[in-house]
1. Check region 66-73 and report whether any residue there is of a type in the set (Val, Ile, Thr) and touching a residue at least 24 places away in the same chain (Cβ under 8 Å).
2. Under 8 Å by Cβ, and 6 or more places apart or on different chains, what pairs join a residue from region 27-50 that is touching a residue at least 40 places away in the same chain (Cβ under 8 Å) and farther than 16 Å from Glu78 by Cβ with one that is part of a loop (DSSP other than H, G, I, E, B) and not hydroxyl-bearing (Ser, Thr, Tyr)?
3. Restricting attention to region 74-85, report how many residues are surrounded by fewer than 19 Cβ atoms within 10 Å (Cβ to Cβ) and either free of Cβ contacts under 8 Å to residues at least 40 places away in the same chain or in contact with a strand residue (DSSP E or B) (Cβ under 6 Å, 6 or more places away or on another chain) (or both).
4. Just wondering, is there one or more residues in region 56-74 that are in contact with a helix residue (DSSP H, G or I) (Cβ under 8 Å, 6 or more places away or on another chain), under 26 Å from Ser21 (Cβ atoms) and at pLDDT 90 or above?
5. So the check is Cβ under 6 Å with 6+ separation or different chains; which pairs have a first residue in region 1-24 that's within 25 Å of Ser60 (Cβ to Cβ) and a second one that's at pLDDT 85 or above and in a helix (DSSP H, G or I)?
6. Looking at (1) closer than 17 Å to Phe105 by Cα; (2) in contact with a Cys (Cβ under 7 Å, 6 or more places away or on another chain), can you tell me which one Thr12 breaks?
7. For residues that are out of contact with any Ser or Thr (no Cβ under 7 Å at 6 or more places or on another chain) and of a type in the set (A, V, I, L, M), scanning just region 75-107, find the one that is modelled with the lowest pLDDT.
8. Looking only at region 10-52, filter to residues that are within 18 Å of Lys101 (Cβ to Cβ) and of a type in the set (A, V, I, L, M); which one of those is surrounded by the fewest Cβ atoms within 10 Å (Cβ to Cβ)?
Amino acid sequence: SENLGSLMENLTAVELQRIKSYWFKEWEIYYWRNSQHDEVDFVIKEGQQVKKLIQVTYASGKDEVEKREIRSLIKASELLECKNFQVITWDYEEKIKVDEKEIQFTPLWKWLLTKKL
């Protein structure tokens, strides 16, 4: 499953680069990590503004999403002043609220088909 998680991250990175090259040339795509080793897989920036934070995880259910994934998103959102974030999963889909912040969980296949950024 760790290997599948890496493949999911790679596919997401390739797709984000493709979206950037066709429709959002002004995008900058980064990775975020703090000194406590919290990390977010993709930070999408346009000019000075962070537009979206994306975390990718091989999770099939809410109980499989690691707390650190969510904690990292929350920390990054506060530091980078971004309220738009998403977790791309294997096949888990839901919208949850954490600390008054809404997190969208979307299966990879659905994200690839819909491209709602």
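The values are calculated or read from the model by the stated rules, or taken from the named source; none is laboratory data. No experiment lies behind these values; they were computed from the predicted model shown. Methodologically, a virtual Cβ is constructed for each residue, glycine included, from the backbone with ideal geometry; neighbour enumeration extends over all protein chains shown.
1. Yes, some residue in region 66-73 is of a type in the set (Val, Ile, Thr) and touching a residue at least 24 places away in the same chain (Cβ under 8 Å).
2. So the pair list comes out as Ile44/Leu117.
3. So the answer is 6.
4. yes
5. Taking only residues 6 or more apart or on different chains, the pairs are Met8/Leu108.
6. Checking Thr12 against (1) closer than 17 Å to Phe105 by Cα; (2) in contact with a Cys (Cβ under 7 Å, 6 or more places away or on another chain), the one that fails is (2).
7. Within region 75-107, the match that is modelled with the lowest pLDDT is Val98.
8. That would be Val43.
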